[in-house]
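The values are calculated or read from the model by the stated rules, or taken from the named source; none is laboratory data. Not measured: the values here are computed from a predicted model. Reconstructed Cβ throughout: ideal geometry from the backbone, glycine too, with neighbour counts over all protein chains shown. Accessible surface areas use protein heavy atoms only, side chains included; no ligands, DNA or RNA. Shrake-Rupley method; radii C 1.70, N 1.55, O 1.52, S 1.80 Å.
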Protein chains: 2
Amino acid sequence: MPIDDATLDALDTWWRAANYLGAAQIYLLDNPLLRRPLTRDDIKPRLLGHFGTVPGLNLIYAHLNRAIRERDLDALYIAGPGHGGPAMVASAYLDGTYTEKYPEVTRDEEGMRRLFRQFSFPGGIPSHAAPETPGSIHEGGELGYSLSHAFGAAFDNPGLTVVCVVGDGEAETGPAAIGWHSNKFLHPVNDGTVLPILHLNGWKIANPTVLARIPEDELRALFEGYGYDPIPVEFTAGEDHREVHRRFAEVIDDALDRIAAIRENARGGDLTRPRWPMIILRSPKGWTGPREVDGDPIEGTWRAHQVPLAGVRDSPEHLAQLEQWLRSYRPDDLFDESGAPIPLATALAPEGNRRMSASPHTSGGVRHPIVVPDFRDYAVEVDESRRGATDAEATRVLGVMLADVIRRNPTSFRLFGPDEVASNRLAPPVYKATAKQWVAEMLLVDRDLATAGRVMEMLSEHQCQGWLEGYVLTGRHGVFTSYEAFVHIVDSMFNQHAKWLEAARAVPWREPIPSFNYLLSSHVWRQDHNGFTHQDPGFLDVAVNKSAQVVRVYLPFDANTLLSTYDHCLRSLGYVNVVIAGKQPHPQWLTMDEAIRHCTRGLGIFEWAGTEVSGEAPDLVLAAAGDVPTLEVLAAAALLREGIPELKVRVVNVVDLMRLLSEHEHPHGLSDADYDAIFTSDRPVIFAFHGYPWLVHRLAYKRHGHPFLHVRGYKEKGTTTTPFDMVMLNDLDRYQLAIDAIDRVPGLAEKHATFRQRLVDDRIRARMYTREHGEDIPEVADWRWST
Amino acid sequence: MPIDDATLDALDTWWRAANYLGAAQIYLLDNPLLRRPLTRDDIKPRLLGHFGTVPGLNLIYAHLNRAIRERDLDALYIAGPGHGGPAMVASAYLDGTYTEKYPEVTRDEEGMRRLFRQFSFPGGIPSHAAPETPGSIHEGGELGYSLSHAFGAAFDNPGLTVVCVVGDGEAETGPAAIGWHSNKFLHPVNDGTVLPILHLNGWKIANPTVLARIPEDELRALFEGYGYDPIPVEFTAGEDHREVHRRFAEVIDDALDRIAAIRENARGGDLTRPRWPMIILRSPKGWTGPREVDGDPIEGTWRAHQVPLAGVRDSPEHLAQLEQWLRSYRPDDLFDESGAPIPLATALAPEGNRRMSASPHTSGGVRHPIVVPDFRDYAVEVDESRRGATDAEATRVLGVMLADVIRRNPTSFRLFGPDEVASNRLAPPVYKATAKQWVAEMLLVDRDLATAGRVMEMLSEHQCQGWLEGYVLTGRHGVFTSYEAFVHIVDSMFNQHAKWLEAARAVPWREPIPSFNYLLSSHVWRQDHNGFTHQDPGFLDVAVNKSAQVVRVYLPFDANTLLSTYDHCLRSLGYVNVVIAGKQPHPQWLTMDEAIRHCTRGLGIFEWAGTEVSGEAPDLVLAAAGDVPTLEVLAAAALLREGIPELKVRVVNVVDLMRLLSEHEHPHGLSDADYDAIFTSDRPVIFAFHGYPWLVHRLAYKRHGHPFLHVRGYKEKGTTTTPFDMVMLNDLDRYQLAIDAIDRVPGLAEKHATFRQRLVDDRIRARMYTREHGEDIPEVADWRWST
């Protein structure tokens, strides 16, 4: 159906208004409607922002508005070029959302003055799409994962259309390049739709883009190869705007028609992967901006990336050119006497929550409640008189619970993993409840694959992280399971998500969203088989650098503490929960009641393991965080109890790592008094830590007892060997811990020289045995705690 | 030319021998030639390794050997599926390299016993391709960047053919997906050739692979879209092996013929991007391994990923099946009486350095010397009587020097950056010496692009990191420049490269390779314009976790210290040098002679800035690391000098961060005596740090003076604002540092309450001014040091 003239008018009026608002945000401190000649004092002292991508983003926004109204779409807009913040803000201002969210930014001249002034201004708003931006779930920091966010938002949102603009700069990143493959994981009935728009404006900051400089047939083949049905459209700088709108409206309609047909076909039962449409939009960078400045071409080149006219405060020519540019949008025709947009400029805005900037999906407004079964039902039985006698694989036990979480939340909980859900032993239980979603060819030999399922696996940590971010940002729940070492692949994405959560806390209209839950297994101490490259516990060091308001770190050491921890994580809101847990058969220490008490406190004394005398200070504290360190500390405690029965040893375990921080630094932090009550202020503390040892110092350096704190942990020593050789290589083994204890308590080394030598000898013997036999010495491998 | 029967025999004999050696490494402790029936005791107690990819890797290796001999190729083999370590080891053993590098692994029965036993065994070799593996520059840790490594190795190696096997699991990662685009950056005459082989064996650990499950035409379109000319070939489980070899030899010849034609054409003057061939090889996972175990299909499924028969120590049936499998390769026909490979099994091995496993490119054997001009020639003039009076952009000054490094090393030095070489202000000087290499469409409007150039820019940190790794791993030199915040994108790749360097130190036949040099600019303190998402100094925290033998961290604070630092980095071998430097106009502090002395020591006292009295201990130490902290510390020192003239302040600056560590922990570490001589052991130290403040505590917690150490740094507070507001938000500003000083020296706060209050008021005034005017208050912005 050809588009009528009135609609073309409305499209162009919106576009001009949005472009004006976009450009003016970057420049104007005052004189927002140009009701008087532009002067130097109207210009911001520092010009910070990106215009290049703005007109393209605005064009798409305008045309989507039309389509939303005509088709009653529930749509989201993801701006991959997050530098186009001015576009997102302009659109939200035009459709009224901005003033609803920020009442001081009124729809009049004064409001517009505030709108412009606050942009990239101290105390104002960031220059990128950000948590402060209505309708955004995607910030323009690190580039690359707009598609992963878009598909994550679409999963389990069958009524939703997610329009994802991918910049051609962003398209050069690895995460973007893999994001396109998300179409092999999207169910055409149960999930929503993603309409990707590759925005080829040809340039990055200082270079052309790769995809803009390959032949048209190659570009087309690339996206056909990704499984899409590309719809190309190209606009040039001088093109008549009505013609632009007419042609672009056709493209949008074409894409949406194809989507509607695909969805209908799928609802009719055809669940093979469809060739979803995607749009390849070529348009000039800095479109409608200055053609040329100081003799250099600007529009359509990289020079339009940020501020096309940078010298306006110093150069009267530039200032005049800016005024001419801004007036080219004819602000007097766009805004009425009071400064409010004229009706035609906002005629395309959808109603209420149909406005993309007001979509409740983007603001935590459609948070799905999670139903978590009683985690105690999955408890591993532990006999208090025979602790450590039973082995269990902690993640496998959690898998049984997660299977039930999946059953009880059939459309709002998913598990994400880079081909590691089974390897991390959440399978098989999880696959009794669900399958891996896979919308590509299936073979008879396949197991646990189906077109619909709650497990999402692709061998890309970036994709898994991005999908789950998109999923939780739109109010649903999930877990990302990964090998501990390789979660470093998404360090930067973690950083960005944590920053988003931190900034979102200050945005009053954003509701809290479900936490992002990591389950890191195949951890450093059990990468004896894969070797040195797979041994890296440093994600913790990255995690604790981010805001204490949003980061939580847990090191449950057996199945029951893992269950209790995960129950808490699944129910929590607004955090990033980093949980490290073992997957190998491992002794179980606490009953479920004890585990709950221990996890509630976050740390505690294992009275059953120590040799303290009531009412007396201990001689020494042996502390542990992590499953393998806990085992070694308990074994060291047993050695000391046998060898030096009179030594008063306290055994402490830390599950919630943030408890080590001060109460002033983290909401979970302990007061100094509480810390001292557990660790003492003056006794040696031998701390066996899961990660790099200095992290414990970094957390506890202000504590009274810090001078007496001696930490053992992973110090970058490892290879392909046995589990016990791994701990020995890093001096975290029971023998070394016991030796450390003897060496730190004054007088002990002399008095118990024979026992100390026995420990040294046992250590050498263990090493020799392993070298000879290729497995751990039985006295270690078969060791059991006995009370 | 069809392949003759003798060659087919040789190919199959090599393949069988390599497959036997590959499988046997995983299993056999003894009885290496199966000269007696296999018993339980012959089997390793722990079966660790990956067989799935081995036969495919071996097939390719065998056929490349033939092609190398026939065409006298200089070739490298990059095994993307690094889990195929057994294949790389098997090939090196067959061609004789292994025994040359490890003489104890002789070419007889005893040597073979050692070869098998050491694999994945304590004290032996890792299960992946690793530094210990002859011919490898690519380890099977993190997957994804084999193509980036391959192209990095090919740059400036016109005689080299780099064959890069990309696993279909790896192909799902972002870095791999973007690695294919490297063909837009490869010069067809000056650079070498990369022949990518996508190895579709269909499965990952527990899932099918995406690329194996899309229609053939889509797969073909994808690689045509990437700009290649794909040559598909498929083998099935039962296919006759002679037929396999005949067909695969044709494919290899076809690919190499096309490459030869392209290169000839390019040498004739056609420098447009050619459509390089790539091979799509479909073959069964675990090919030639057990068909079925316990009723489950193995060969051709995910179950063949690691150890196809896992229960051989416990199950006599499995043991029998293993024996049958191993004997299917007919070891008696492959090895002679002594256990040496028969001549036919090694007939295809190329001679000497033509053996891929012996390629000197892979072992540091062709290290290019670097010519570094005298860095003092680029010095910024600093007048000792007017320090800080001149502004300079440190990276722009370095750019002038790097331009000359480029001129003097025209085929062995490159700059890599994700569209940030200009943004980080190495341009324009660098573009007077060279261009950005770009082998795709060029337009008249383009600047500084050419088909040949020393600057490599693609908007992918992964690609830049991987390219430079491949470049330095093959003996050439380079710099990777990135925004500080977004270098986190390659945290994991940094980890893997640092681990490679650490492990390579212990391999006697590996020569040291040039250091990997980071230049991180657009740093946290000058991301006032881009805002919170662009503010992250945490790469340092990741870097210092890796081995002290390979990691160096420098924080030069002006142009002269940057020049001196970079001179050292460029000449160094075997390190990862992390250098953080400013790009904004910034005061210059040290003359070149002073900068050299300061950088040689790595830290030192700025006597000109302090108010110490000779022979007396200072009351206080103000220390800084980083350009902005140094500025604020100097301004704080000036405030204190004016407000409390009698206070004895020492000003210290740290350029080499590792000096803070103990001499026992890092080769650059200071002895306690030296540390105390600079920082004192008992005076308050206010340390203004570039990064997260706790990192300084993590480095210095063992020092005597640690209880008196008070660190200010970035504490995750920021937004889009002004530079001085950024330091105020994080309490790193001059006023706060002076207040800290007053509060830490006993008695000062009472005695100088008025002055202290003035500092508090000035701070508030600065904040208010910024909020109102959008720029920094002149008394801060225009502040100059005066002596």
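Please pick out the residue among A:PHE687, A:PHE708, A:PHE679 that is touching a strand residue (DSSP E or B) at 6+ places or on another chain (Cβ under 8 Å), of a type outside the set (A, V, I, L, M) and open to solvent by 20 Å² or more (accessible area, probe 1.4 Å). It is A:PHE708. Of all the listed residues (B:ARG258, B:ARG263, B:ARG273, B:ARG303), the sole one being touching a strand residue (DSSP E or B) at 6+ places or on another chain (Cβ under 8 Å), more than 16 Å from B:HIS199 (Cβ to Cβ) and within 13 Å of chain A (Cβ to nearest Cβ) is B:ARG303. For region A:717-748, what are the residues that are away from chain B (no Cβ under 14 Å) and of a type in the set (Ser, Thr, Tyr)? Within region A:717-748, A:TYR735 is the sole residue that qualifies.
Only one entry in B:ASP374, B:ASP391 is under 30 Å from B:PHE606 (Cβ atoms), out of contact with any Asp or Glu (no Cβ under 8 Å at 6 or more places or on another chain), free of Cβ contacts under 8 Å to residues at least 12 places away in the same chain and of a type outside the set (Val, Ile, Thr), namely B:ASP374. Assessment of region B:331-340 against the conditions (crowded, with 23+ Cβ neighbours inside 10 Å, at pLDDT 95 or above and of a type in the set (Ser, Thr, Tyr)) yields no matching residue.
Selection within region B:341-386: residues that are touching a strand residue (DSSP E or B) at 6+ places or on another chain (Cβ under 8 Å) and over 30 Å from B:ASP9 (Cβ atoms). The member of this set that is most open to solvent (accessible area, probe 1.4 Å) is B:ARG367. Entry remark, region B:743-776: residues being of a type outside the set (D, E, K, R), in contact (Cβ under 8 Å) with a residue 40 or more places away in the chain and not in a helix (DSSP H, G or I) number 3 in total.
Can you name the residue in region B:757-785 that is charged (D, E, K, R) and open to solvent by 70 Å² or more (accessible area, probe 1.4 Å) and is also nearest to the other protein chains (Cβ to nearest Cβ) among such residues? Checking each candidate, the answer is B:ARG771.
Only one of the numbered conditions (1) facing chain A (nearest Cβ under 9 Å); (2) in a strand (DSSP E or B) is violated by B:ILE197, and that is (1). For A:ARG273, indicate whether it is outside any helix (DSSP H, G or I), modelled with pLDDT under 95, in contact with a Lys or Arg (Cβ under 7 Å, 6 or more places away or on another chain) and farther than 30 Å from A:ILE43 by Cα. When the stated conditions are applied, A:ARG273 passes them. Hey, does region A:209-220 have a residue that's more than 9 Å from chain B (Cβ to nearest Cβ), over 22 Å from A:GLY300 (Cα atoms) and out of contact with any Phe, Trp or Tyr (no Cβ under 9 Å at 6 or more places or on another chain)? No: zero hits. Reported count of residues in region A:523-582, each being touching an Asp or Glu at 6+ places or on another chain (Cβ under 8 Å) and of a type in the set (Lys, Arg), is 2.
The set of residues in region B:125-169 being farther than 12 Å from B:TRP500 by Cα, within 15 Å of the chain's Cα centre (by Cα), more than 9 Å from chain A (Cβ to nearest Cβ) and of a type in the set (A, V, I, L, M) consists of B:LEU147, B:ALA150, B:ALA153. Here the condition is being without any contact (Cβ under 8 Å) to a residue 60 or more places away in the chain and at the interface with chain A (Cβ under 10 Å from one of its Cβ atoms); of B:ALA485, B:ALA498, it holds for B:ALA485 alone.
Considering only residues in region B:227-243 that are in a strand (DSSP E or B) and open to solvent by 50 Å² or more (accessible area, probe 1.4 Å), the one that is farthest from A:LEU211 (Cα to Cα) turns out to be B:GLU234. Scanning region B:370-395 for residues that are among the basic types (Lys, Arg) and touching a helix residue (DSSP H, G or I) at 6+ places or on another chain (Cβ under 7 Å) yields a count of 1.
Within the set of pairs 6+ apart or on separate chains, which have a first residue in region B:101-112 that is free of Cβ contacts under 8 Å to residues at least 12 places away in the same chain, a second that is of a type in the set (Val, Ile, Thr) and assigned to a helix (DSSP H, G or I), and C-beta atoms under 7 Å apart? From region B:101-112, the pairs are B:THR106/B:THR99.
Restricting attention to region A:544-568, the residues being crowded, with 24+ Cβ neighbours inside 10 Å and either of a type in the set (Gly, Ala, Ser) or at pLDDT below 95 (or both) number 2. Could we say that B:ALA206 is of a type outside the set (Phe, Trp, Tyr), open to solvent by 10 Å² or more (accessible area, probe 1.4 Å), in contact (Cβ under 8 Å) with a residue 40 or more places away in the chain and at the interface with chain A (Cβ under 7 Å from one of its Cβ atoms) here? The answer is yes for B:ALA206.
For region B:480-535, residues that are surrounded by fewer than 24 Cβ atoms within 10 Å (Cβ to Cβ), closer than 21 Å to A:SER127 by Cβ and charged (D, E, K, R) total 1. Tally the residues that are closer than 26 Å to B:GLY144 by Cβ and free of Cβ contacts under 8 Å to residues at least 24 places away in the same chain, restricting the search to region A:427-441. Going through region A:427-441 one residue at a time, the tally reaches 2. Filtering B:SER127, B:SER120, B:SER91 for residues that are in the same structural domain as B:HIS199 (by the TED database), touching a Gly at 6+ places or on another chain (Cβ under 9 Å) and at positive phi leaves a single hit, B:SER120.
Do the conditions hold for A:MET401, that is, is it over 29 Å from A:ARG505 (Cα atoms), surrounded by 23 or more Cβ atoms within 10 Å (Cβ to Cβ), of a type outside the set (Gly, Ala, Ser) and under 27 Å from the mean Cα position of the chain (by Cα)? For A:MET401, the condition - over 29 Å from A:ARG505 (Cα atoms), surrounded by 23 or more Cβ atoms within 10 Å (Cβ to Cβ), of a type outside the set (Gly, Ala, Ser) and under 27 Å from the mean Cα position of the chain (by Cα) - is met. Is it fair to say B:ALA320 is open to solvent by less than 20 Å² (accessible area, probe 1.4 Å) and either among the small types (Gly, Ala, Ser) or free of Cβ contacts under 8 Å to residues at least 40 places away in the same chain (or both)? Considered against the rule, which asks whether it is open to solvent by less than 20 Å² (accessible area, probe 1.4 Å) and either among the small types (Gly, Ala, Ser) or free of Cβ contacts under 8 Å to residues at least 40 places away in the same chain (or both), B:ALA320 comes out as no. Applying the criterion of being buried (at least 20 other Cβ atoms within 10 Å of the Cβ) and not in a strand (DSSP E or B) to the residues of region A:652-668, the residue that is nearest to the other protein chains (Cβ to nearest Cβ) is A:LEU661. Within region A:97-115, is there a residue that is touching a Leu at 6+ places or on another chain (Cβ under 8 Å), open to solvent by less than 10 Å² (accessible area, probe 1.4 Å), of a type in the set (Ser, Thr, Tyr) and closer than 20 Å to A:ASN201 by Cβ? Checking region A:97-115: not a single residue is touching a Leu at 6+ places or on another chain (Cβ under 8 Å), open to solvent by less than 10 Å² (accessible area, probe 1.4 Å), of a type in the set (Ser, Thr, Tyr) and closer than 20 Å to A:ASN201 by Cβ. The number of residues in region B:569-598 that are more than 25 Å from the chain's Cα centre (by Cα) and open to solvent by 10 Å² or more (accessible area, probe 1.4 Å) comes to 10. Residue count for region A:427-449 satisfying the condition of being out of contact with any strand residue (DSSP E or B) (no Cβ under 7 Å at 6 or more places or on another chain) and away from chain B (no Cβ under 12 Å): 3.
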